[in-house]
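Following: one structure in structure tokens, then a few remarks.
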Amino acid sequence: MTNAVLNTLLGVLAAIGAGLSPAPAYAYALDPQLDCKSSAHDFIAPLLNNQYIDASPMRVEANSVNAFRPTHGGTLTAFGFRVYAVLGYEREDAIFKSGTGKAIPNSSYGAIVVGPAESVEARVRETGSGAAVHQVVPLLLTVIFCEGP
């Protein structure tokens, strides 16, 4: 993961409020979409259409990565961990707002989850996903991130 993307993720986390309750059993799982074989549009559009995330991003980074908050009362999970936010950007896609700087060149998407990086990474690798996994807040928040071609 590039420094610019990592810095973006850190900025997104600074904008997100805490909420550390465990995921209920009826949560919607994002695991299949985090196989890194999709586009940001294909990842985000169904979440918007089914109202799992707010339609307006809570934050748009300078490089145009959009951070979307799960809807109030909605619960998303990724590999068994509660999703704190979903991220994405795809050039020339109306779903995503543009930032003030140079946009990332590829379609990229992912999720920030509540859980330690080691545990998240183990579950992600069990599924065969090629997603990058990075600790953002020690023992607390971890990002699962897919960069497109």
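Loop-resident GluC sites (Glu not before Pro) (DSSP state other than H, G, I, E or B) in the range 82-143 with no more than 10 further Cβ atoms inside 10 Å of their Cβ: Glu92. Taking θ as phi - 60° and the Karplus parameters 6.51, -1.76 and 1.60, the scalar couplings of the range 50-66 work out to 8, 6, 7, 10, 5, 5, 9, x, 6, 7, 10, 6, 4, 7, 6, 5, 9 Hz in sequence order, x denoting glycine and proline. Which whole number in µm²/s is D for the range 30-92 by Stokes-Einstein, with the Kirkwood Rh taken over Cα pairs at 4 °C and 1.567 mPa s? The calculation lands on 108 µm²/s. Of the residues Gly73, Val83, Val113, the one whose Cα sits farthest towards the positive end of the charge dipole of the range 17-122 is Gly73 (charges of +1 on Lys and Arg Cβ, -1 on Asp and Glu Cβ, taken about the Cα centre). Averaging 1/r over every pair of different alpha carbons in the range 36-149 and inverting the result gives a Kirkwood radius of 14.2 Å. Projected over every direction and averaged, the convex hull enclosing the alpha-carbon atoms of the range 92-144 yields 4.9 nm².
Readers should treat all values here as calculations from the given coordinates under stated rules, not as data from a laboratory. These numbers were taken from a predicted model, which means no experiment stands behind them. Note that each Cβ is placed from the backbone with ideal geometry, even for glycine, and that neighbours are counted across all protein chains shown.
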